[in-house]
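Report on the structure given below.
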Amino acid sequence: MWFEKLHRHGPLPSRHLYRFSRFFHKSDQKAQERLEHLTRRTKTPHRGRYLSRPEEQRATDRALSNYMVHDITDKAKLALKDAGRFHTYTPVHATGRQWMHDFMLSCFTASIELATLEDPRFAFIFHDEICTALGDTLSFNLEYKDEKGWQQKRLLKPDRAFGIKYPNGTIRRFLIEADRGTEQNKVSEGRKSGIDNLLQYTEFIGEGRYREAMNVKGGVMLIYLMTSPGKLENIKSHLNEMTGGCNYVIFKAVDGFGHVIKPPLPMPELFTTPFERAGKDSFYLNQ
């Protein structure tokens, strides 16, 4: 089960893994011992360690006192294949500078799944399940008009996706754009131009292009997951000016993933606390 959660979300702190397996172990100490075995033991049925501890976490603040982060190895993937629990379109397990960006996404989606597991009326839909329905990765050729009004055709590549099935049977899918606040606060600067990104999504979601592109009938929303409240307000204000109020883009600022990362505890409260919207009332994932 741990292998599969890491496979489908990405690297996670030990406390997330303990929460997923709380019905299977007698105590967190026993779970910690099991994690140690899976990380250190080389004499396994697949001839190697099943779990790794990404080196990138050692560059974080007070790394030795933080909750340890784990990821799966190729041996664990073999074990998943043997068990029939390997999934083709799982998120990329990045290394280097991109690792911290993707780690933030892993912690977010895992926290949402943990919250749905607490309430059996809801069901979590994984990134790989959405991609399997597409038969491809999350990448869409999209025509849209840029801020100068010129027609453009570029790839739209959301950072992550997940879905929630609600008690009434409704399914809502969420695309995520993550920003760790390492770029400039100007909307027009950064890893992805904020203005360009907003224009693409107003076309893709606002104009309903997602229905054909993703082959879905239910609703799709965009989450801006950020570490800088100032930049969040900047982008939200710009979106409000562009649209006069937007109900399909929601914003959330999370701590601990800025220039210095401190691996967090699970955050199931994200499921029940408000997300901000531009010119509209707050949105709740559990409603």
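The values are calculated or read from the model by the stated rules, or taken from the named source; none is laboratory data. Model, not experiment: these values are computed from the prediction. Because the Cβ atoms are built from the backbone with ideal geometry, glycine has one as well, and the counts that use them run over all protein chains shown. Side chains included, ligands, DNA and RNA excluded: accessible areas come from the protein's heavy atoms. Shrake-Rupley method; radii C 1.70, N 1.55, O 1.52, S 1.80 Å.
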Subject >> Heavy-atom surface of the chain, accessible at 1.4 Å and reported per residue (Å²) >> reply: 50 Å²
**OP:** Measure nothing but the geometry: give the 0 to 90° angle between the long axis through the Cα atoms of 28-40 and the longest principal axis through the Cα atoms of the chain, rounded to 10°.
**Re:** 90 degrees
Original post:
So which trypsin sites (Lys or Arg not before Pro) in the range 92-181 pass both tests, a DSSP loop state and at most 11 other Cβ atoms within 10 Å of the Cβ?
Top reply: 121, 148
Original post:
So what does log10 I(q)/I(0) come out to for the range 94-156 at q = 0.14, 0.17, 0.19, 0.27 Å⁻¹, using the Debye formula with one equal point on every Cα and no solvent?
Top reply: -0.69, -0.87, -0.93, -1.06
Original post:
Which pairs in the list 43/262; 81/217; 5/165; 5/43; 5/75; 5/217 are over 21 Å apart, alpha-carbon to alpha-carbon?
Top reply: 43/262; 81/217; 5/43; 5/217
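Lys and Arg at +1, Asp and Glu at -1: add these up for the other residues within a Cβ distance under 10 Å of residue 240 and post the number. If you can, show how the numbers build up before the last one.
Values: positive: 236, 277, 280; negative: 241.
Local charge sum for residue 240: +2.
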Original post:
So for the chain: antiparallel DSSP bridges make up what percent, rounded to the nearest 5?
Top reply: 65 percent
Original post:
Got a number for carbon plus sulfur as a percent of the chain's accessible area, 1.4 Å probe?
Top reply: 46 percent
Subject >> Sorted peptide list for 276-285, 19-28, criterion being average Cβ within 10 angstrom, highest first >> reply: 276-285, 19-28
Original post:
By per-residue mean of other Cβ atoms within 10 Å, what is the highest-first order of 84-92, 3-11?
Top reply: 3-11, 84-92
Original post:
Taking the Cα-to-Cβ direction at residue 22 and at residue 58 and moving 7 Å from each Cα, how far apart do the two end points lie in nm?
Top reply: 3.3 nm
**OP:** Obtain the radius of gyration and the Kirkwood radius of the chain from its C-alpha atoms and give Rg over Rh.
**Re:** 0.97
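Return the FRET efficiency for the residue pair residue 287, residue 237: r is the Cβ-Cβ distance, R0 is 30 Å, and the value is rounded to the nearest 0.05. Show your work: numbers first, answer last.
Numbers: r = 25 Å, r/R0 = 0.83.
Efficiency, from the Cβ-Cβ distance: 0.75.
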Original post:
More than 17 Å apart: what percent of Cα pairs in the range 1-124 qualify?
Top reply: 59 percent
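Compute the signed sum of charges (Lys and Arg +1, Asp and Glu -1) over the other residues within less than 9 Å, Cβ to Cβ, of residue 124. Walk me through the numbers before you get to the answer.
Values: positive: 165; negative: 113.
Spelling it out: positives minus negatives among the neighbours equals 0.
Near residue 277, within a Cβ-to-Cβ distance under 12 Å, what is the net charge of the other residues, with Lys and Arg +1 and Asp and Glu -1? Numbers along the way, then the final one.
Numbers: positive: 236, 252, 280; negative: 276, 281.
After counting each charged neighbour, the total is +1.
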